[in-house]
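Working notes, structure below.
What follows draws every value from the coordinates through simple rules; no lab data is involved. All values reported here derive from a predicted model rather than from experimental measurement. A quick note on method: Cβ atoms are made from the backbone with ideal geometry, for glycine too, and the neighbour counts reach across all protein chains shown.
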Amino acid sequence: QVVADMREKRYAQEGIGSSYLFRVDQDTIIDATKCGNLARFINHCCTPNCYAKVITIEAQKKIVIYSKQPIGVNEEITYDYKFPIEDTKIPCLCRTDNCRGTLN
């Protein structure tokens, strides 16, 4: 967590608008900010059509995105980021009927 916090601060100082950090477990956070595939751009939704799951392949943890339902052509792929609850709230912009209002 300490390294992830330092990177977020450094990215802000460098003018990088967004960071793409994914918590795998208590000790591991994957940083796809400067290196990663297009999945890093999947948006949050309170009523998502996909879910993220961490699996282990040959002793390496991988993030896999699974569909919860059929996804149409040009339909956005979304999953729930499941951010921890914090005092400083991040507004959710998903606009679904079941929107919680915040990501955390």
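With a Förster radius of 41 Å, plug the Cβ-Cβ distance of residue 60 and residue 13 into 1/(1 + (r/R0)^6) and report the FRET value to the nearest 0.05.
Once the sixth-power term is evaluated, E becomes 0.85.
I'd like to compare 11-24, 37-50: which one has the highest average count of other Cβ atoms within 10 Å, and what's the full order after that?
Highest to lowest by the protection proxy: 37-50, 11-24.
Kindly provide the helix-only [θ] at 222 nm of the chain, computed as the sum of -39,500 (n - 2.57) over DSSP H runs of four or more divided by all residues, to the nearest 500 deg cm²/dmol?
-3500 deg cm²/dmol
Please give the length that would be gained between residue 76 and residue 37 if that part of the chain were fully extended, namely 0.36 nm times their separation in residues minus their C-alpha to C-alpha distance (nm, one decimal).
Value of the extension gain: 12.4 nm.
What does the net charge come to around residue 103 if you take all other residues with beta carbon closer than 13 Å to its beta carbon, with K and R at +1 and D and E at -1?
+1
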